[in-house]
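**Student:** Structure in structure tokens, see below.
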Amino acid sequence: MNPVRAAVVFTSLLVFWLALSGRLDPVFVTLGVISAALLTPVSEHLITAVLGRREERPRINLLALASYLLWLVSRIPPAGVSVAATVMHPRRAPRPGVVRFRTGLSSPAARTLLANSITLVPGTMTINVEDGRFTVHAFDPPSTADLASAAMQRRIARVFGLEPDDPPKMEWDPIHDELPEDPA
């Protein structure tokens, strides 16, 4: 790992440690420095696995990334309200299921961003990603609207300068059969 990259990785890990611990006393700072120092050389393999080898790495459009992150943050509150409304409403039962779809995002970094973005939005969670095929648990079918329309995939494609995705064919598998009517 080159020294500049090692310094960036070390600093990022240390800042993350300090942000999560929320403490600046000597013990926590020392543990953070030790942890970051031990993880920095190990992270080279992980960075290469996610981003690819240096010559394969896509260029990231920072303006598109900032736009995507703002869009993603704007999707979280309405999704949370929708999940909460379903849980709180006595006659509106959730319809959980697993949805499978394939994405055309060719970059491992783009697929990683998609998988993590899906999990950040309330009502959806990425279960598995394998060669561009995603398996996602969804609270109900409407939770997958941004995936079904490829809105999320297209925005991520812009970040990495990739060809935009067409709306994927979604395979919905309900987790359980319809519940019987309550006789009471």
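The values are calculated or read from the model by the stated rules, or taken from the named source; none is laboratory data. Note that this is a predicted model, so its numbers are computed, not measured. When we count neighbours, we look across all protein chains shown, and the Cβ atoms used for this are built from the backbone with ideal geometry, even at glycine.
**Student:** Could you say whether any residue in the stretch 58-74 is more than 23 Å from the chain's Cα centre (by Cα), at pLDDT below 85 and either loosely packed, with under 11 Cβ neighbours inside 10 Å or closer than 30 Å to residue 174 by Cα (or both)?
**Tutor:** no
**Student:** Given the structure, is residue 131 touching a Gly at 6+ places or on another chain (Cβ under 8 Å) and either assigned by TED's automatic domain parsing to the domain that holds residue 45 or not polar (S, T, N, Q) (or both)?
**Tutor:** Criteria not met by residue 131.
**Student:** Please work out which one of (1) assigned by TED's automatic domain parsing to the domain that holds residue 155; (2) within 25 Å of residue 134 (Cα to Cα) is the condition residue 43 fails and give its number.
**Tutor:** So the condition that residue 43 fails would be (1).
**Student:** Turning to a different aspect of this structure: Select from the stretch 32-75 the residues that are touching a Phe, Trp or Tyr at 6+ places or on another chain (Cβ under 8 Å) and assigned to a helix (DSSP H, G or I) and list them in ascending order.
**Tutor:** 32, 35, 36, 37, 40 - these are the residues of the stretch 32-75 that are touching a Phe, Trp or Tyr at 6+ places or on another chain (Cβ under 8 Å) and assigned to a helix (DSSP H, G or I).
**Student:** Across the stretch 92-117, which residue is surrounded by the fewest Cβ atoms within 10 Å (Cβ to Cβ) among those that are under 16 Å from residue 160 (Cα atoms) and of a type in the set (Val, Ile, Thr)?
**Tutor:** Filtering the stretch 92-117 for residues that are under 16 Å from residue 160 (Cα atoms) and of a type in the set (Val, Ile, Thr), the one surrounded by the fewest Cβ atoms within 10 Å (Cβ to Cβ) comes out as 112.
**Student:** Just checking, does the stretch 76-91 include any residue being surrounded by 12 or more Cβ atoms within 10 Å (Cβ to Cβ), outside any helix (DSSP H, G or I), touching a Pro at 6+ places or on another chain (Cβ under 7 Å) and touching a residue at least 12 places away in the same chain (Cβ under 8 Å)?
**Tutor:** Checked the stretch 76-91: no residue is surrounded by 12 or more Cβ atoms within 10 Å (Cβ to Cβ), outside any helix (DSSP H, G or I), touching a Pro at 6+ places or on another chain (Cβ under 7 Å) and touching a residue at least 12 places away in the same chain (Cβ under 8 Å).
**Student:** Looking at 129, 99, which is the one that is assigned to a strand (DSSP E or B), closer than 21 Å to residue 58 by Cα and not polar (S, T, N, Q)?
**Tutor:** 129 is the lone residue from the list that is assigned to a strand (DSSP E or B), closer than 21 Å to residue 58 by Cα and not polar (S, T, N, Q).
**Student:** State whether the residues of the stretch 27-42 include one that is touching a strand residue (DSSP E or B) at 6+ places or on another chain (Cβ under 7 Å) and surrounded by 14 or more Cβ atoms within 10 Å (Cβ to Cβ).
**Tutor:** Within the stretch 27-42 (the criterion being touching a strand residue (DSSP E or B) at 6+ places or on another chain (Cβ under 7 Å) and surrounded by 14 or more Cβ atoms within 10 Å (Cβ to Cβ)), the answer is no, since none of the residues qualifies.
**Student:** May I pose another question? Is at least one residue of the stretch 156-165 in contact with a Pro (Cβ under 6 Å, 6 or more places away or on another chain) and hydrophobic (A, V, I, L, M, F, W, C)?
**Tutor:** The answer is yes; a qualifying residue exists.
**Student:** Follow-up. Within the set of pairs 6 or more residues apart or between chains, which connect a residue that is of a type in the set (Val, Ile, Thr) inside the stretch 2-31 to a residue that is at pLDDT 90 or above with Cβ atoms less than 6 Å apart?
**Tutor:** From residues that are of a type in the set (Val, Ile, Thr), the pairs are 9/40.
**Student:** Considering (1) within 30 Å of residue 162 (Cβ to Cβ); (2) more than 19 Å from the chain's Cα centre (by Cα); (3) part of a loop (DSSP other than H, G, I, E, B), say which one residue 8 fails and leave the rest.
**Tutor:** Just one mismatch for residue 8, condition (3).
**Student:** Give me the pairs, please: first residue somewhere in the stretch 159-171 and surrounded by fewer than 15 Cβ atoms within 10 Å (Cβ to Cβ), second residue anywhere and part of a loop (DSSP other than H, G, I, E, B) and of a type in the set (D, E, K, R), beta-carbon distance under 9 Å, and either six or more positions apart or on two chains.
**Tutor:** 161/59
**Student:** Here's another thing I want to ask about it. Answer with yes or no whether residue 180 is part of a loop (DSSP other than H, G, I, E, B) and modelled with pLDDT of 90 or more.
**Tutor:** no
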